[in-house]
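Below is one structure, written out as C-alpha cells, with a few remarks after it.
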Amino acid sequence: MFKAIYLQFGAALLAAIGAWVIVGERGLISVGVAAVAAIVPNLLFAVRLAMVSKRPGASYVANFFAGEFLKIAVTIGLLAIAIKGYPEMHWPSLMIGLAIVLHAGFIAFWKKS
C-alpha cells in the first residue's frame, strides 16, 4: 500500500516540474494542489487499513469499503477547498496532475519486490 503512495509522490513531483516548465508558477501550484488532494487521503486510507489488519476479528472488507468512501469524500472536499482558496487555478494542470497522481498508484501492482 505504501509503495503506491511513494510512486504517487514521485509522479506528483515530475508532473509539478513539468507544469512549472510549461505553464509557470500557476501550473506548479495547481499540480501541487491535485497531488495533496490525492495523496493525503490515500495515505490516511493506507494507515487505516494497516491498523485494521492487525486487529483480530475486525472486518477488513467493511473497513475497506468505508475507508474507500471516506477517501473519495476527503479528496473531493480538499479539491473544493483548494478551488475556493486559489482562484487563479490553472485547470488543465489541475486535471492532468490529478490524473497522473491517481494513476501512478497502479504502477505498484505491476512491479514485483
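The values are calculated or read from the model by the stated rules, or taken from the named source; none is laboratory data. Small disclaimer: the values here were computed from a predicted structure and weren't measured. With ideal geometry, Cβ positions are generated from the backbone for all residues, glycine too; neighbour counts draw on all protein chains shown. Just the protein is used for accessible areas: all its heavy atoms, side chains included, with ligands, DNA and RNA removed. Shrake-Rupley method; radii C 1.70, N 1.55, O 1.52, S 1.80 Å.
Each residue, Trp110 and Met1, gets one label point 7 Å from its Cα in the Cβ direction; the gap between the two is 2.4 nm. Between Glu25 and Val74, the FRET efficiency estimated from the beta carbon spacing at R0 = 30 angstrom works out to 0.70.
Compared with the alpha-carbon gap, the fully stretched path from Ala50 to Tyr86 is longer by 9.6 nm at 0.36 nm per residue.
Solvent-accessible surface (1.4 Å probe) assigned to Ile22 amounts to roughly 140 Å².
Against the main long axis of the alpha-carbon atoms of the chain, helix 91-104 sits at an angle near 30°. Judged by the mean number of other Cβ atoms found within 10 Å, the most tightly packed of the peptides 80-87, 44-51, 23-30 leads the ranking 23-30, 44-51, 80-87. Toward the positive end of the charge dipole of the chain, with +1 on the Cβ of Lys and Arg and -1 on the Cβ of Asp and Glu, the farthest Cα among Asn63, Ala11, Val101 is that of Asn63.
Against the main long axis of the alpha-carbon atoms of the chain, helix 25-53 sits at an angle near 0°.
Note on Val36 and Ala62: the extension gain reaches 6.8 nm, defined as 0.36 nm multiplied by sequence separation minus the Cα-Cα distance.
Taking the square roots of five times each eigenvalue of the Cα gyration tensor of the chain, the equivalent ellipsoid has semi-axes of 29, 17, 8 Å, listed largest first.
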